[in-house]
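Some notes on the structure that comes next.
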Amino acid sequence: MQEHPSHYKNSKNTANAKPSDIIYDDQVRLSFFYPKSELEIESVGIVDNIVNIYAHGSLEYGICPYCGTKSYKVHSHYIRHVFDLPILGKSSVLHLSMRKFFCMNPECKYRTFAEQPGIEIFRYRRRTRRCEIVQYRNSLKHSSNTSHKLLSGQGICLSGSTILRDLHRLEPSSHQDVRRIGIDDWAQKKGRVYGSIIVDLDQSTVIDLLDDREQESFGTWLDKHSSVELASRDRSTDYSAAIASSGREITEVADKFHLIKNIQDRFIKVLSEHYDDYRMMVRTEDNTSEYPTGRSVTSIRTERSSVIAREKVDSRQTMFNEVKELQMKGFRPTTISKKLGISRQTATKYCSMESLPKRKSKSQNGYEKFDRYVETEVLKGKAMSDIYLEIKGLGFKGSRTPFYDHYRYLSDGHRGYRPKDYKPTKKERITDERSELLPIKTLASVVFAYMSGKKLDDENGKLMKVLQKADWFNQMYEATCSFCCLIKGNDPMNLIRWMKKYWKTNIIQLKTFIRGVKLDYKAVKNTIIYNVTNGITEGFVNKLKIVKRIMYGKASIELLKNKLTMEHVLFN
């Protein structure tokens, strides 16, 4: 706190004076700390680490808050205790000696009133204005329980219920003068209940939240805001219908991001519909080796051993090796159990061993007794189901599913068997030797990365060369690239040319997208003309999700509205 020369009685050489030589005035105006507070300090004392400031009103009169009449006639006195921000880490309390006045206006319905000093202390409040601002700033950023803990650490003792009650007391502005808005939906309960968020694009602030995303709700909101001239939205037909039913000339702008995402979604559906063609192209490209015409018992056993070695990995041995590695680094069994997610007893046991002993359990079904017979019968062309029934009669005790799982190295696929003269065609591949096919979403991500100009590795580059051999892929790829370029440009006539060029396409998904653009032509055209996007709205939707998670999804629509719309007011 900076000292002022007028606070001293002897202020001639205060720069060179010792602290013991400085004498303070008995009365210091509180307006030095609170502008326009209309209070004077009487005394200051510290009791139990609490700074107690005793003050009274500085005006000789009082102003009736009901009729505005001045009064000099005092009725009585009373004490108000108001909490303020902490001073040097200590809680501070203002003890205000307030007066009640007689109202001298005979037409006023109130006979007495209490003085209200300045703009720092409000009626019926137990905290100063700047203390409440700090409280609101914390409560808007965090949940009520978290705000309670943070404020308590700062010396402001408030319960979570008080913080919530004060948040509900806030009254956001109606924003009647807003001109350009962005609107988007947000999920209150994903898949079931949705609402709408409205953003002022000029001020980049949230101005309202609606309970749903229906046409009636947004139409009612537009009727109350007659100054709206432009609305940026997604491809929702409800918002478009509400704007059309308002009867006003409101410019609709479709969001660039949603348009590009719509055509990319259509591209993904095209890839899904032609996934068989993609699989055939990849298999034909990789099918360059010859396959053996027959198989022997020796080759079957060799294949079996390789499959078992590849598929059956001893998890105990892997875990034992990890425990021993951490033990060599100096970790104790308790720490090892937490790092690896195993029990403390297991970690202690592995630490005391030099090597892992073999499993003591034995095979209960005795497959080794029937291996030679089963392999010989498979080479003769007998079905696995018939073999199972035969060895059942010979004393095999296992069930059917474990039997198929044990001898799956003899089968080609989930069912059936591989005959002696088996030779796969070009359209068929052996499971162990066929190329790995990418899922549809991964395949689409590679295509979109190539579309955006990113450099692909050799494997993905080879994949793009394979896909470009298909006519359907080239047509959809060219249409998507050209649409993305024109939607980011500034010539709306290119949109008409693009629609005419691909109107007679044989790709159903592309034709459906063009029909949607035709129905929403004005909004899509305005996207090219106006430099307006809905990115700000999307950002506030993400922020709204974070606020919901902070409050564990229990916040009402009104509380969420206050948290989002009042933040820029209190922080500016």
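The values are calculated or read from the model by the stated rules, or taken from the named source; none is laboratory data. Nothing here was measured: the structure is a model prediction, and the numbers come from that model. Neighbour counts are summed over all protein chains in view; Cβ atoms, including those assigned to glycine, are modelled from backbone coordinates with ideal geometry. Ligands, DNA and RNA are stripped out before the accessible areas are found, and what is left, the full protein with its side chains, is counted by its heavy atoms. Shrake-Rupley method; radii C 1.70, N 1.55, O 1.52, S 1.80 Å.
Side notes on the structure shown:
- Relative to its Kirkwood radius, the Cα radius of gyration of the stretch 428-572 gives an Rg/Rh of 1.12.
- Extending 7 Å from the Cα toward the beta-carbon at both Arg123 and Leu437 defines two label points whose distance is 7.6 nm.
- Tensor-based shape of the stretch 317-395 (alpha-carbon gyration tensor, a/c under 1.5 rounded, otherwise prolate or oblate): prolate
- In this structure, Gln203 and Tyr521 have a Cβ-Cβ separation that, at R0 = 35 Å, corresponds to a calculated FRET efficiency of about 0.70.
- Ordered from highest to lowest accessible area with the whole protein assembly present and a 1.4 Å probe, Tyr124, Tyr72, Tyr110 read as Tyr124, Tyr72, Tyr110.
- Loop-resident trypsin sites (Lys or Arg not before Pro) (DSSP state other than H, G, I, E or B) in the stretch 240-285 with no more than 16 further Cβ atoms inside 10 Å of their Cβ: Arg248.
- Of the GluC sites (Glu not before Pro) found in the stretch 193-240, the ones in coil according to DSSP and having at most 13 other Cβ atoms within 10 Å of their Cβ are Glu229.
- Pairs of lysine residues in the stretch 25-153 that meet both criteria, 8 or more places apart or on different chains and Cα atoms under 20 Å apart, total 8.
- Counting every alpha-carbon pair across the stretch 111-217, the share separated by more than 19 Å comes to 63%.
- Loop trypsin sites (Lys or Arg not before Pro), the stretch 321-362, which have at most 13 other Cβ atoms in a 10 Å radius of their Cβ (DSSP): Lys329, Lys358, Arg359, Lys360, Lys362
- Stretching the chain fully between Arg137 and Thr237 yields a gain of 32.2 nm (0.36 nm per residue, less the alpha carbon separation).
- Distance violations [Cα-Cα > 28 Å] among Lys465/Lys504; Lys269/Lys488; Lys441/Lys561; Lys261/Lys469; Lys189/Lys455; Lys269/Lys501: Lys441/Lys561; Lys189/Lys455
- Between the stretch 190-212 and the stretch 51-125, the C-alpha centres lie 41 angstrom from each other.
- Length released on extending from Tyr275 to Asp223, taking residue separation times 0.36 nm less the Cα-Cα span: 13.8 nm
- Solvent-accessible area of His406 with every protein chain in place, 1.4 Å probe, in Å² to the nearest 10: 40 Å²
- Potential extension, Leu85-Met464 segment - 0.36 nm per residue separation minus Cα distance: 130.0 nm
- When the convex hull of its Cα atoms is viewed from all sides, the stretch 82-157 shows a mean projected area of 6.7 nm².
- In this label model, Ser76 and Lys511 are separated by 8.7 nm, measuring between points 7 Å along each Cα→Cβ vector.
- Between Thr146 and Asp491, the simple label model (points 7 Å from Cα in the Cβ direction) yields a spacing of 5.1 nm.
- Å² of accessible area per residue within the stretch 93-251, as computed with a 1.4 Å probe and no ligands counted: 51 Å²
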